[in-house]
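I have placed the structure first, in the form of structure tokens, so that the comments after it can refer back to it.
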Amino acid sequence: MFDIVGRRNLYFTFSGLLLAVAIVSLAIFGLNLGIDFTSGSLLRVDLGADAATDTVANLVSSAGFSEAFVQSAGDTSVLIRTEPIDIPERTLIEDALRTLYPTAETLSFNTVGPVIGAELTRKALLAILVASAAILLYLTWGFRNVEWSFRYGVAAVATLVHDSLILIGVFSVLGKVAGIEIDSMFVTAVLTGVGFSVHDTIVVFDRIRENRRRHRDTGFGEVVNYSLNQTLDRSLNTSLTAVFVLAALLMLGGETIREFTLALLVGVVIGTYSSIFIASCLLVEWANRTLPWSGRSA
């Protein structure tokens, strides 16, 4: 049997380092927000030839859009981001591109105004807050017949915050080094990853509840460690099946879902780690009065 609980300080230290990197990256670099949040227009164009971003940027600038940002999206495709534009202005860009790339074809065109961008930002934050509150209330009620039921909810929400911050921090770094943008689908990926993590955490918590009833004379830390070992195979098997599918989508899927798939993959990995090594260990720390708000000892 693995002594997971006994090494919890190692896991807390590792998580602390990840959180520190995430917070520092967010403070220095922030997030590379897409047009869903900042407003603007985004064209995805297949040039029909090798895409040279500098050349495309010059062509777009000659059409009167000198502030446009051009990013490669594959061997022959580019993403062109501008201020919000209408159809006639889009046509100007397409005509400028066809002077050098006669077979250029617009694959997609999206425009988001500043009001919609601000509304999406507000709703994204609200969704995360509502999810956290719902999880806290649900677990407190679901474990109402167990001692310290409120702690189970708090530990799950703390794990949720842990997972979300690390995932957002990863994409803050990727936004700086790889130009990956955050869009509304990223919020979906964050909430999906959080849901996966909380689901796995609840399975472990439920086993702790069962074993706590059966082994009243056993220390709480031992009960938690035994419960984690009982559910370890299930947690890893469930996560690995998701990881294999997402890894295949990441490598073989199209460009349009690559960032979304990457966010899901990172979220599942972080969620698996936290549900095993963080959530339940927080309960043990609380029971041992090592957290400042822990109350009485177990």
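The values are calculated or read from the model by the stated rules, or taken from the named source; none is laboratory data. For clarity, every value in this text was computed on a predicted model and none was experimentally measured. Positions of Cβ are generated from backbone atoms using ideal geometry, with glycine treated the same way; all protein chains shown enter the neighbour counts. Accessible surface areas use protein heavy atoms only, side chains included; no ligands, DNA or RNA. Shrake-Rupley method; radii C 1.70, N 1.55, O 1.52, S 1.80 Å.
Multiplying the residue separation of Ala178 and Glu83 by 0.36 nm and subtracting their alpha-carbon distance yields 32.0 nm. Accessible surface for the range 1-129, divided over its residues, is 57 Å² per residue with a 1.4 Å probe.
In this calculation the C-beta distance from Ala134 to Thr76 is compared with R0 = 45 Å, giving a FRET efficiency of 0.50. Taking the longest Cα principal axis of the chain as reference, the axis of helix 220-252 is set at about 20 degrees.
Treating the angle as unsigned and between 0 and 90°, give the value, to the nearest 10°, between the Cα long axis of helix 149-177 and the longest Cα principal axis of the chain. So the inclination is approximately 30 degrees.
For the chain, take the convex hull of the Cα atoms, compute a quarter of its surface area, and give me that in nm², please.
Values: hull surface 69.1 nm².
Projected area, direction-averaged: 17.3 nm².
Per atom type, the range 1-141 shows carbon and sulfur on 63% of its accessible surface, probed at 1.4 Å.
Going highest first, how would you order 35-45, 49-59 by mean Cβ packing within 10 Å? Intermediate results must be reported in sequence, preceding the final value.
Values: 35-45: 21.2, 49-59: 16.0.
Output ranking for 35-45, 49-59: 35-45, 49-59.
For Thr192 and Ser62, what does the FRET efficiency come to when R0 = 45 Å and r is the distance between their Cβ atoms, rounded to the nearest 0.05? Walk me through the numbers before you get to the answer.
On the way: r = 42 Å, r/R0 = 0.94.
The calculated FRET efficiency here is 0.60.
The stretch between Phe244 and Val203 holds 12.6 nm of extra length on full extension. This uses 0.36 nm per residue minus the Cα-Cα distance. For the range 59-107 and the range 220-270, compute the distance between their C-alpha centroids and round to whole Å. If we compute the Cα centre of each part, the gap is 38 Å. Each principal axis of the Cα cloud of the range 1-107 was evaluated for its coordinate range; sorted largest first, these ranges are 67, 27, 21 Å.
What's the magnitude of the charge dipole for the chain around its Cα centre, counting Lys and Arg as +1 and Asp and Glu as -1 at the beta-carbon? Answer in Debye, nearest 20.
1840 debye
For the pair Arg7 and Arg213, the difference between a 0.36 nm per residue extended length and the Cα-Cα distance amounts to 71.7 nm. When you count the other C-beta atoms within 10 angstrom of each residue and take the mean per peptide, 158-168, 228-238 line up highest first as 158-168, 228-238. Using a simple spin-label model with pseudo-atoms 7 Å out from Cα toward Cβ, Ala127 and Phe29 lie 2.3 nm apart. Seen from a random direction on average, the alpha-carbon convex hull of the range 108-248 projects onto 11.0 square nanometres. Considering helices alone, the calculated mean residue ellipticity of the chain at 222 nm is -23000 deg cm²/dmol, with DSSP H runs of length four and up weighted by -39500 (n - 2.57) and normalised per residue. Note on Ala20 and Thr55: their simple-model spin labels are 4.7 nm apart, each label 7 Å out from Cα toward Cβ.
With r as the distance between the Cβ atoms of Glu105 and Met251 and R0 = 25 Å, compute the FRET efficiency 1/(1 + (r/R0)^6) and round to 0.05. Don't jump to the answer; show the numbers that get you there.
Values: r = 26 Å, r/R0 = 1.03.
Efficiency for this residue pair is about 0.45.
Rounded to the nearest 10 degrees, what's the angle between the helix 184-214 long axis and the longest principal axis of the chain, both from Cα atoms, 0 to 90? It is inclined by approximately 10 degrees.
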